[in-house]
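Reading through the structure tokens given below for one structure.
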Amino acid sequence: MFWDREVETLPRPELEALQLARLLRTVRRVREHVPFYQQRFREAGVDGAALRSLADLRRLPFTTSADLRASYPDGLVIHTGDEVVRLHTSSGTTGKPKALFFSRSDVNQAAELIARCLVMTGATRQDVLQNMMTYGLFTGALVMHYGAEKVGMLVIPAGPGNSERQLMLMKDFGSTIIHTTPSYALYFADFVERRGVDPRRDLKLRKGLIGAEPYSEETRRKIEEGLGIEVYNSYGLSEMNGPGVAFECRERQGMHIWEDNYLVEIIDPDTGEPLPEGETGELVLTSLAREAMPLVRYRTRDITSVVAEPCPCGRTHRRVNRITGRSDDMLIVRGANVYPQQIESVLMRFPEVGRNYLIRLEGLDEMTVQVELSDATFDGQFEHLLKLQERITEKVRAEVMVKPKIELVAPGSLPVSEGKAKRVIDNRKL
Ligand code: ADP
Ligand code: ZN
């Protein structure tokens, strides 16, 4: 099933011709209207007008999140063209947020891309989408909302949290799809179980659109089992419209990235050099259709690789593999490089483990991982728990080459955030 069959299955040569035309237009617009890019191109000694092919792209300088912050509040906006009608921000970690502007056509285009994604998962206008993402400055909820309305389904703007009310809405209005983060989905699965609700029997849920945070295949499986749904990985970032940049089709082997809207590069995060197709590195995106705030060679810091093989679903837009984390998520613990994702995927392989965990770095490079037990395990014998603790310690050590201290805690005892989960607390005194 396709929302826009023609574009989604465009033969590669035509798709690339479209990309080139849009790239040239985008570069021309930023050269004409954005002082930041005029200066950057000058500094890099490149003449944007001399661009001839997609391969020439690599001569252009990168744009980074630091550039976005430095241009806050509105340094990168183009006011010629259609009206700028919406502001979103991206929280980031410290200091000023990044401000992202949408023109009327950007709002519409973002919704179009979401519509492609939804229909690609098999969703139809008969579906009822319970949107559990945060409404507001965050792109996650609103962009999905507009796209789902475009498909013609009923959208429940539930927002995050308040599991009691989520469950009520779900029962009363027969929600068939949820849109949320992996951390909240896990938490909610737990909640539902504790309330004695059997989702397969008592709810109409069929699909989960799960994204905004990295998660592992093991976590996908836990969410699917806990809620009786099929989980589709959803990737996006505010700088590129928010959700709808890349999404899984029914094959669920990598996420199609809409290449008529985004030009994909994978670079070595240390050297900035483009990597050959299939190699893992940092995803760099150039927006091809954004009007109000186009970005050239934007460094997402997200680590992934491009799937070279064509997808059996027939879409010609290439897929990217599950994001394994951001390059700046990497922790250095006692000299070893550790991604929180690696730890998560080890933990979620244990059936005894519940649905939440927290990595604490303390003192002089000590790593403690607090791990919630599943309800069933929590009633277990003390001796049994000691063994479990040892087994988890060993598996994590083997994965990340650092021996953690594993602390088993009661189900539901770790904090749950309404927005994106905070998986790491770093209080080291190094
Ligand atoms: P913020 O910068 O406040 O986190 P964004 O919504 O712009 O706000 O976050 C986008 C980032 O979220 C991405 O760059 C990526 O790191 C992460 N992300 C989004 N979707 C996924 C996903 N499906 N898998 C892994 N990471 C994701
Ligand atoms: Zn596909």
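Please give me the summed charge of the neighbours of residue 120: other residues whose Cβ is under 9 Å from its Cβ, Lys and Arg +1, Asp and Glu -1.
Details: positive: 116, 250, 315; negative: 8, 248.
With Lys, Arg at +1 and Asp, Glu at -1, the neighbours total +1.
With the radius of gyration and the Kirkwood radius both derived from the Cα set of the stretch 179-235, what is their ratio Rg to Rh? Write down the numbers at each step before the final one.
Working: Rg = 10.5 Å, Rh = 11.1 Å.
Radius of gyration relative to Kirkwood radius: 0.94.
Show me, for the stretch 56-67, the HN-Hα J-couplings you get by feeding each phi into the Karplus relation (A = 6.51, B = -1.76, C = 1.60, θ = phi - 60°), rounded to Hz, glycine and proline as x.
Along the stretch 56-67, the couplings run 5, 3, 5, 7, 7, x, 7, 10, 10, 5, 5, 5 Hz.
Counting only heavy atoms of the protein chains, get the accessible area per residue of the chain (1.4 Å probe) and round it to a whole Å² value. List each step's numbers first, then the result.
Values: 18420 Å² over 430 residues.
Per residue, the chain has 43 Å² of solvent-accessible surface.
Net charge near residue 296, counting Lys/Arg +1 and Asp/Glu -1 over other residues with Cβ under 15 Å of its Cβ?
On the way: positive: 22, 25, 28, 29, 31, 40, 42, 58, 59, 290, 297, 299; negative: 32, 43, 47, 56, 67, 239, 265, 291.
Charge balance near residue 296 sits at +4.
Suppose every Lys and Arg Cβ carries +1 and every Asp and Glu Cβ carries -1, with no other charges. What dipole size does the chain come out with about its Cα centre, to the nearest 20 debye?
Numbers: 58 positive and 61 negative charges, 90 e Å.
It comes to approximately 440 debye.
Could you let me know the centre-to-centre spacing of the stretch 268-309 and the stretch 29-76, using Cα atoms, in angstrom?
15
What does DSSP give for the chain in terms of the percent of beta bridges that are antiparallel, rounded to the nearest 5? Walk me through the intermediate numbers first.
Working: 39 of 63 bridges.
Antiparallel bridges make up about 60 percent of those DSSP assigns within the chain.
Quick one: Karplus J couplings for the stretch 6-11, per residue in order, coefficients 6.51, -1.76, 1.60, θ = phi - 60°, nearest Hz, x for Gly and Pro?
Values per residue, Gly and Pro as x: 4, 6, 5, 10, 4, x Hz.
By the gyration tensor of its Cα atoms, with a ≥ b ≥ c the square roots of the eigenvalues, what is the shape of the stretch 358-418: rounded for a/c under 1.5, prolate for a/b over b/c, or oblate? Intermediate results must be reported in sequence, preceding the final value.
Values: a/c = 2.23, a/b = 1.21, b/c = 1.85.
The shape class here is oblate.
Note the direction-averaged projected area, equal to a quarter of the hull surface, for the Cα convex hull of the stretch 90-246, in nm².
On the way: hull surface 36.0 nm².
Spelled out: convex hull of the Cα atoms, projected over all directions, averaged, 9.0 nm².
Would you rank 429, 207 by solvent-accessible area, highest first, keeping every protein chain in place and using a 1.4 Å probe? Present the calculation step by step, with values, prior to reporting the outcome.
Values: 429 150, 207 5 Å².
Sorted descending by solvent-accessible area, the residues read 429, 207.
Looking at the stretch 1-109, which GluC sites (Glu not before Pro) are DSSP coil and have at most 13 other C-beta atoms within 10 Å of their C-beta?
Details: sites: 6, 8, 14, 16, 32, 43, 83; in loops: 83.
Those satisfying the criteria are 83.
If the reach is capped at under 27 angstrom between alpha carbons, list the lysines near residue 204, excluding any in the same chain fewer than eight residues apart.
Reachable lysines: 150, 171, 222, 420.
Can you give the calculated 222 nm mean residue ellipticity of the chain, where each DSSP H run of n ≥ 4 adds -39,500 (n - 2.57) and the sum is split over every residue, rounded to the nearest 500 deg cm²/dmol?
Working: 13 runs with 141 residues, N = 430.
After summing the helix terms and dividing by residue count, I get -10000 deg cm²/dmol.
Starting from the amide H of residue 333, placed 1.01 Å from N in the peptide plane, find each other amide H under 5 Å away whose residue is 5 or more places distant or on another chain.
Close amide H contacts, sequence-distant or interchain: 338.
Leaving ligands, DNA and RNA out of it, report the carbon-plus-sulfur percent of the accessible area of the chain at a 1.4 Å probe. Working shown, then result.
Working: 9400 of 18420 Å².
Carbon with sulfur: 51 percent of the solvent-accessible area.
Taking amide H atoms as placed 1.01 Å from N in the peptide plane, list the residues 5 or more away in sequence, or in a different chain, whose amide H sits under 5 Å from that of residue 365.
Under 5 Å from the amide H of residue 365 lie the amide H atoms of 429, each far enough along the sequence or on another chain.
The values are calculated or read from the model by the stated rules, or taken from the named source; none is laboratory data. Keep in mind it's a predicted model, so treat the numbers as computed, not measured. Neighbour counts run over all protein chains shown; Cβ positions are idealised from the backbone, glycine included. What goes into the accessible areas is simple: the full protein's heavy atoms, side chains included, and nothing from ligands, DNA or RNA. Shrake-Rupley method; radii C 1.70, N 1.55, O 1.52, S 1.80 Å.
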